[in-house]
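S.K.: This is the structure I want to talk about, given as structure tokens.
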2 protein chains.
Amino acid sequence: MTEQLKRATISDVAEHAGVSRAAVSKVLRNAYGVSPAMRTKVEESMALLNYRPLALARGMRGNSYTLGVFLVDLSNTFFSVLAEGIRDVAEELGYQVLIGQARQGLDAQQKLIEAMIDRRMDGLVLIAPFGPNDELEKLGRTIPVVVLGRHGPAKYFDTVASDDIAGSALIVDHLVSLGHERISMLANTQPDSEPGMPQTVRRHGYDLAMEKHGLSQWIDHVPGRWGTESGLEAGRSLAARPLAQRPSALHGGADVAALGAYTALFEAGIHIPDDMSIVGYDNIPATGLPPIGLSTVDQSGVQMGRQAAELLLSRIEGRTESEHVLVSPRLIVRKTSAPPRR
Amino acid sequence: MTEQLKRATISDVAEHAGVSRAAVSKVLRNAYGVSPAMRTKVEESMALLNYRPLALARGMRGNSYTLGVFLVDLSNTFFSVLAEGIRDVAEELGYQVLIGQARQGLDAQQKLIEAMIDRRMDGLVLIAPFGPNDELEKLGRTIPVVVLGRHGPAKYFDTVASDDIAGSALIVDHLVSLGHERISMLANTQPDSEPGMPQTVRRHGYDLAMEKHGLSQWIDHVPGRWGTESGLEAGRSLAARPLAQRPSALHGGADVAALGAYTALFEAGIHIPDDMSIVGYDNIPATGLPPIGLSTVDQSGVQMGRQAAELLLSRIEGRTESEHVLVSPRLIVRKTSAPPRR
DNA sequence: GGATTTGTGTAGATCGGTCTACGTTTTTCT
DNA sequence: AGAAAAACGTAGACCGATCTACACAAATCC
């Protein structure tokens, strides 16, 4: 077996350039106290030896130049769009983004976050994390944290979220303008829901919008979680209702759930949008597939991801007062919303 | 601002337990030379001090207990399924999996892989990487590598792939048994295609299967890449063909491309499967959505992911001869394939 | 022109683990 | 019982960077 070449270390560069290790380190970090002459000399040696600093070793004392992104669910394509926005910004500033996934719940999430901390990540972006707010506050005092998809206020971490109140209003207004009155919502009733979670806020926004239109009597939360499975179940339960008690339109809560419900209703012979309108939330790629064409609310994921990364980096630079960003959502009307027929 | 508690180090544990740091390290690594008495003593101290070894520091000499997964595209849900399989296995053995994404091409891929090496990852799983085989060979001599989705042989890395020859045959056989003769294929004609890449092998499998059925005259590669965009274009080009030159069935190459083509054809008023049958490849979640119901080939992603992780871990343990695993694909018939009508 | 300030470079401790080499004690063998 | 082998612990070098403290030279000040 051929022996692999040994990688150049900072000492090799120092020796080759005829200077001290500290000097090379200074060049590396753009630190004060380096003459132009020395800089070029060192840089030449680095290039010649094909030197790359070992990020791991840097992390022992300084920064690891690594950001961690925590995801509940990789298969939710909206999340991966967010991740891309984060990466874009981070890369411009020389940070690497590594993603960890843990779908099995709070324990797995905790373990993964610890693993990221144990690898000395400089900061964390949590996308739609589980768990109570005070756990996150505790975490935020340990390491710079930005939470994506949960609303503030929070003292020790920043948040970036879609304005879910406005988003829900967008949906209800749209359906009402089409002539619907009996509008239900797939509510995410996860047991550990906290104030500030999208499910909580969107539901509240739905309630408010319904009241605004004088439709309080039709407020109806179809229970479940936001996933394909749960959406299917919710759809089946709707299909099982007697016709008189069935809504004419549905606020899907999130696209994955909305598509699940769509599927179940479709299979039960309930035609969309003739028999029932559905509007989702998130504008994931699958919603655009033409035979479906799910009307939905777009959150401009890349934008949110970029925002989150910028906040995180400024926090790493030392900012301590928390910031909370709301991104305005936008309604996208496709083919699953139409005037009621009954 | 409240000061955060200082984290316990190995020295703290050693002092608390009244032993040497080396002893604690031995307990940690399950190394030889620890009496049961000392083990329990140390473990008690660790629990009491809430000690977690800093993975970063461990990586300086020993293992970092971190596996890197490289992904071209997070939004391809098949890839995320693979990643899950990897994580399952890795976690059982105390390894963490961190995912990196780089969709912009070879350079970005190279940078990301370097970043993972610079963080001293113990091994890498590359999912559908770009680039020539000898680049990968070179990489494989630097760090344990398993490539997912590229066929062997390879000397310095392992591969796990779907048996794409068989998969293509499955599709062609199925379509032929329905009565199709004029079967085209969305061929991925990326400029940097290498032998062993799925696109190459699937296309070859298609050619072979067509020949086997005596349909060589109808062999037809619709050029493009495997992505939604490119699928759309291919679909449009098919729709633009005069009816007499249009195939009655289409081997989609990959689900994302097949769905793109489906979309374009649908929009052009070509009805699936009445006017044209389409079969995809990968069985991504969106294919199952009922109004679509794309017939496809399943590769059992979780299984492949697990295999890859097992290979990688055994390679980290010291195995040097390379292994190459082929996973048998399975046809899933849904609603987009039917007998031809013309 | 001597004192002070500024600029440039180095030595060496440090981060938190791992691992080799070696000393001491206990067990096994003949 | 004495020798050899095995079991158990520890000291201290080491991994590859960062960072503080300090030495020395050059520039600026009064």
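The values are calculated or read from the model by the stated rules, or taken from the named source; none is laboratory data. What you see is a predicted model, and the numbers here were worked out from it, not measured in a lab. Don't worry about glycine lacking a Cβ; one is built from the backbone with ideal geometry, like all the others, and counts go over all protein chains shown.
S.K.: Only one of A:177, A:168, A:162 is crowded, with 18+ Cβ neighbours inside 10 Å, farther than 25 Å from residue A:315 by Cα and of a type in the set (Ser, Thr, Tyr). Can you tell me which?
M.R.: A:168
S.K.: Ok, one more. Only one of these is under 26 Å from residue A:61 (Cα atoms) and more than 9 Å from DNA strand D (Cβ to nearest atom): B:83, B:8, B:90. Name it.
M.R.: Being under 26 Å from residue A:61 (Cα atoms) and more than 9 Å from DNA strand D (Cβ to nearest atom) holds for just one of B:83, B:8, B:90, which is B:8.
S.K.: Which of (1) more than 22 Å from residue B:123 (Cβ to Cβ); (2) touching an Asp or Glu at 6+ places or on another chain (Cβ under 9 Å); (3) buried (at least 24 other Cβ atoms within 10 Å of the Cβ) does residue B:262 not meet, given it meets every other one?
M.R.: Against the list (1) more than 22 Å from residue B:123 (Cβ to Cβ); (2) touching an Asp or Glu at 6+ places or on another chain (Cβ under 9 Å); (3) buried (at least 24 other Cβ atoms within 10 Å of the Cβ), residue B:262 comes up short only on (2).
S.K.: Name the one entry in A:58, A:39, A:29 that is within 16 Å of DNA strand C (Cβ to nearest atom), outside the structural domain of residue A:260 (by TED's automatic domain parsing), more than 30 Å from residue A:114 (Cα to Cα) and of a type in the set (Lys, Arg).
M.R.: A:39 is the lone residue from the list that is within 16 Å of DNA strand C (Cβ to nearest atom), outside the structural domain of residue A:260 (by TED's automatic domain parsing), more than 30 Å from residue A:114 (Cα to Cα) and of a type in the set (Lys, Arg).
S.K.: Now a separate question. State yes or no: is residue B:103 crowded, with 24+ Cβ neighbours inside 10 Å and assigned to a loop (DSSP other than H, G, I, E, B)?
M.R.: no
S.K.: Same structure, new question: Quick check on my filter: what residues within the range A:55-71 are within 17 Å of the chain's Cα centre (by Cα) and either surrounded by fewer than 20 Cβ atoms within 10 Å (Cβ to Cβ) or facing chain B (nearest Cβ under 10 Å) (or both)?
M.R.: A:68, A:69, A:71
S.K.: Give the residues of the range A:289-339 that are of a type in the set (Gly, Ala, Ser), outside any helix (DSSP H, G or I) and crowded, with 22+ Cβ neighbours inside 10 Å, sorted by residue number.
M.R.: Across the range A:289-339, the qualifying residues are A:295, A:337.
S.K.: Now for a different question. Just checking, how many residues over the range B:143-164 are under 16 Å from residue B:303 (Cα atoms) and of a type in the set (Ser, Thr, Tyr)?
M.R.: Adding up the residues that qualify gives 2.
S.K.: Still on this structure, please answer the following. Being surrounded by fewer than 23 Cβ atoms within 10 Å (Cβ to Cβ) and over 26 Å from residue A:103 (Cβ atoms), is that true of even one residue in the range A:186-203?
M.R.: Looking for residues that are surrounded by fewer than 23 Cβ atoms within 10 Å (Cβ to Cβ) and over 26 Å from residue A:103 (Cβ atoms), one finds none in the range A:186-203, hence no.
S.K.: If you don't mind, another one. For the range B:98-123, give me the residue count where each residue is more than 8 Å from chain A (Cβ to nearest Cβ) and either in contact with a Pro (Cβ under 7 Å, 6 or more places away or on another chain) or acidic (Asp, Glu) (or both).
M.R.: Matching residues across the range B:98-123 total 4.
S.K.: Given the conditions (1) near DNA strand C (Cβ under 9 Å from one of its atoms); (2) under 20 Å from residue A:68 (Cα atoms); (3) touching a residue at least 12 places away in the same chain (Cβ under 8 Å), and given that residue B:99 satisfies all but one, which numbered condition is not satisfied?
M.R.: (1)
S.K.: Also: Please list, ordered by first then second residue, the pairs with beta carbon atoms under 7 Å, 6 or more apart or interchain, first in the range B:37-54 and within 14 Å of another protein chain (Cβ to nearest Cβ), second in a loop (DSSP other than H, G, I, E, B).
M.R.: The qualifying pairs are B:50/B:8; B:51/B:8.
S.K.: Name every residue in the range A:163-200 that is part of a loop (DSSP other than H, G, I, E, B) and in contact with a Leu (Cβ under 7 Å, 6 or more places away or on another chain), in order of residue number.
M.R.: A:163, A:181
S.K.: Still on this structure: Is it fair to say residue B:90 is surrounded by 14 or more Cβ atoms within 10 Å (Cβ to Cβ), within 14 Å of chain A (Cβ to nearest Cβ), of a type in the set (Gly, Ala, Ser) and over 30 Å from residue A:78 (Cα atoms)?
M.R.: no
S.K.: Evaluate the range A:133-142: report whether one residue or more is at the interface with another protein chain (Cβ under 9 Å from one of its Cβ atoms), surrounded by fewer than 24 Cβ atoms within 10 Å (Cβ to Cβ), touching a residue at least 12 places away in the same chain (Cβ under 8 Å) and more than 26 Å from residue B:102 (Cα to Cα).
M.R.: Yes, the range A:133-142 has at least one match.
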